[in-house]
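The values are calculated or read from the model by the stated rules, or taken from the named source; none is laboratory data. Keep in mind it's a predicted model, so treat the numbers as computed, not measured. Here the Cβ positions follow ideal geometry from the backbone for every residue, glycine too, while neighbour counts run over all protein chains shown. SASA here: full protein model, heavy atoms, side chains in, ligands and nucleic acids out. Shrake-Rupley method; radii C 1.70, N 1.55, O 1.52, S 1.80 Å.
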Amino acid sequence: MKKISLALLFPVLVSAAFAGPFEQLRRGLELPAVPGPAFSPEAPGHLQGDGRFWVTVAAQDKYDRSALLNAGLDIVETGRYSVSGFISGGELEQLAAKGFQVKSRQSIQDYARQHLKDFPLNDAAYHNYKETTDLLVKLAGENPAETSLFSIGKTTEGRDIWCLRLNPAEKGETPSARPAAFFMGNHHGREHLSNEVSLALARHLLQNKNAPEIRKFLDTLDIYIAPMTNPDGAEYDIATGKYRWHRKNTRVNADQSIGVDLNRNYDSLWCQAGASHYPGSDTYCGPSAFSEPETRAVRDFVLARPNIKTLMSYHSYSSLLLYPWAGKDSPVENERDRKVFEALAKGMTAYTGYTPQQSSDLYVATGDTTDWAYAARGIFSFTTELEGTTFYPGAAMIEKASAKNVKAALYLLGATDDPYKLSR
Ligand code: 0X9
Ligand code: ZN
């Protein structure tokens with residue numbers, strides 16, 4: 001009931017956020033006024049109609065963080081005593097009543113005024129969808145003996161989700177008995193760095209294909225790299241020439257809000273803890289598990305390839321390496337598997353310097369890629385939260401994050417032949 005009435009209220013709150021009533025809303029909630037932006041570039045018209053707020057809320061531990069996620073907060077930054085992130089106007093209104101202490105809040109328009117300095121012109125080094133496609137076509141064209149390129153499915157808007165396969169023995173969708181590793185980027189639109197790291201991995205493997213340490217992978221493994229799992233979301237994020245902090249895909253929901261959170265749409269405890277049934281929420285789980293063409297494409301790809309042993313889903317940001325379970329507090333039940341997860345995490349973070357931990361130690365969130373892949377197929381699946389302090393860390397971060405994450409990926413590839421060797 002509550003959710004239905006919130007959904008009905010949402011358009012009202014959104015429009016209230018854009019005119020005089022916004023001030024009323026702020027006073028009505030008895031929250032401190034947000035200090036004005038340090039400077040005032042042109043109004044962020046590209047965010048018109050976006051009713052989200054950037055908030056900082058007191059949170060002491062993973063239980064507080066999980067409760068906040070359940071209350072609709074899309075947690076982006078985690079501090080010792082607080083978290084920050086985006087929340088819809090309707091869900092923000094409920095936070096105080098639910099016992100949370102909102103330390104600061106600002107509309108996404110004010111947040112953008114403070115954060116959009118000279119981007120995205122300076123970010124030309126990042127690959128948009130066309131550039132990503134072109135690069136993959138180029139890599140495949142230059143390395144016909146080692147690679148093949150195919151689409152694992154179409155998105156909501158009809159874009160292809162490209163997957164580069166590195167395997168000289170089997171091409172395209174031909175099955176393989178070789179152990180396989182599957183790398184994915186850009187489940188979340190605004191996390192453009194995750195596309196770059198995936199592309200850097202593909203480039204590194206092919207540029208060094210004759211070096212013995214890479215050749216052994218090409219000769220024995222079946223490697224798949226899908227850098228842009230959510231191209232609609234990534235394109236939507238940059239479509240106006242200014243970033244929109246868009247996380248989800250671009251499905252138009254019943255209430256006209258945009259998008260389903262693909263990392264809440266997998267069928268692993270779907271839409272229980274840490275996911276929202278409210279379409280306007282950034283963690284909206286969708287109308288049903290696998291309701292989205294993007295997650296169905298990943299599901300069908302994985303289920304069709306029982307040879308997949310390891311999986312990496314790149315996200316940003318926080319410098320973390322996360323492994324199941326994400327959807328519950330308890331550790332992976334199978335002790336041998338747990339040892340493998342911990343050993344792989346330790347091995348990879350030796351190269352990145354990131355913090356290895358069970359996903360739910362960050363917060364409990366259901367329906368993510370890695371829980372599903374491990375539960376469905378026993379795949380050793382990881383989420384990397386790349387480094388940085390923003391979704392838009394600038395061009396220099398591409399090289400920095402890629403260098404260490406490529407090394408971590410090579411470590412993962414080194415274990416893909418038999419991950420259980422790490423439990424012995
Ligand atoms: O919330 C997510 O989907 C991931 N973080 S992000 O900031 N990139 O959105 C984390 C997924 C891992 N799951 C949990 N931490 N429970
Ligand atoms: Zn993400």
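What the table below lists for this structure:
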{"item": "The lone exception for residue 218 - which of (1) touching a residue at least 60 places away in the same chain (Cβ under 8 Å); (2) in contact with a Lys or Arg (Cβ under 8 Å, 6 or more places away or on another chain); (3) open to solvent by 10 Å² or more (accessible area, probe 1.4 Å) it fails", "result": "(3)"}
{"item": "Those residues of segment 118-128 which are open to solvent by 70 Å² or more (accessible area, probe 1.4 Å) and not in a loop (DSSP other than H, G, I, E, B), in sequence order", "result": "121, 122"}
{"item": "Considering residues of segment 154-171 that are open to solvent by less than 20 Å² (accessible area, probe 1.4 Å) and not polar (S, T, N, Q) only, the residue nearest to ligand 1 (Cβ to nearest atom)", "result": "161"}
{"item": "Which listed residue is within 16 Å of ligand 1 (Cβ to nearest atom) and farther than 23 Å from residue 127 by Cβ, from 275, 211, 254, 234", "result": "275"}
{"item": "Restricting segment 223-275 to residues that are in a strand (DSSP E or B) and open to solvent by less than 10 Å² (accessible area, probe 1.4 Å), the residue that is farthest from ligand 2 (Cβ to nearest atom)", "result": "223"}
{"item": "Matching entry among 370, 389, 352 (being touching a residue at least 24 places away in the same chain (Cβ under 8 Å) and within 11 Å of ligand 1 (Cβ to nearest atom))", "result": "370"}
{"item": "From the options 79, 89, 49, residue that is at pLDDT 50 or above, open to solvent by less than 30 Å² (accessible area, probe 1.4 Å) and of a type in the set (Gly, Ala, Ser)", "result": "89"}
{"item": "Options 146, 142: the member that is open to solvent by 20 Å² or more (accessible area, probe 1.4 Å) and not basic (Lys, Arg)", "result": "142"}
{"item": "Lone unmet requirement of (1) within 18 Å of the chain's Cα centre (by Cα); (2) open to solvent by less than 10 Å² (accessible area, probe 1.4 Å); (3) away from ligand 1 (no atom under 16 Å from the Cβ) for residue 381", "result": "(3)"}
{"item": "Number of the exception - residue 318 against (1) more than 22 Å from residue 223 (Cβ to Cβ); (2) more than 9 Å from ligand 1 (Cβ to nearest atom); (3) open to solvent by 10 Å² or more (accessible area, probe 1.4 Å)", "result": "(2)"}
{"item": "Hits in segment 129-176 (condition: touching a helix residue (DSSP H, G or I) at 6+ places or on another chain (Cβ under 8 Å) and part of a strand (DSSP E or B))", "result": "147, 148, 149, 152, 153, 154, 160, 161, 162, 163, 164, 166"}
{"item": "Residue among 313, 319, 360 that is under 17 Å from the mean Cα position of the chain (by Cα), more than 29 Å from residue 125 (Cβ to Cβ) and within 16 Å of ligand 2 (Cβ to nearest atom)", "result": "360"}
{"item": "Of all residues in segment 177-208 being farther than 29 Å from residue 246 by Cα and part of a loop (DSSP other than H, G, I, E, B), the one that is farthest from ligand 1 (Cβ to nearest atom)", "result": "177"}
{"item": "Search result, residues across segment 49-74 that are farther than 13 Å from residue 111 by Cβ, among the small types (Gly, Ala, Ser) and outside any strand (DSSP E or B)", "result": "49, 59, 66, 67, 71, 72"}
{"item": "Flag for residue 337 being in the same structural domain as residue 411 (by TED's automatic domain parsing) and within 27 Å of residue 176 (Cβ to Cβ)", "result": "yes"}
{"item": "Positions within segment 52-75 being within 11 Å of ligand 1 (Cβ to nearest atom) and open to solvent by 10 Å² or more (accessible area, probe 1.4 Å), in sequence order", "result": "62, 65, 66, 75"}
{"item": "Residues (in contact (Cβ under 8 Å) with a residue 60 or more places away in the chain and either more than 16 Å from ligand 2 (Cβ to nearest atom) or not aliphatic (A, V, I, L, M) (or both)) located in segment 373-386", "result": "375, 376, 377, 379, 380, 381, 382, 383, 384, 385"}
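Conditions (1) open to solvent by 30 Å² or more (accessible area, probe 1.4 Å); (2) touching a Phe, Trp or Tyr at 6+ places or on another chain (Cβ under 7 Å), marked per residue:
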position	(1), (2)
332	no, yes
338	yes, no
341	no, yes
394	no, no
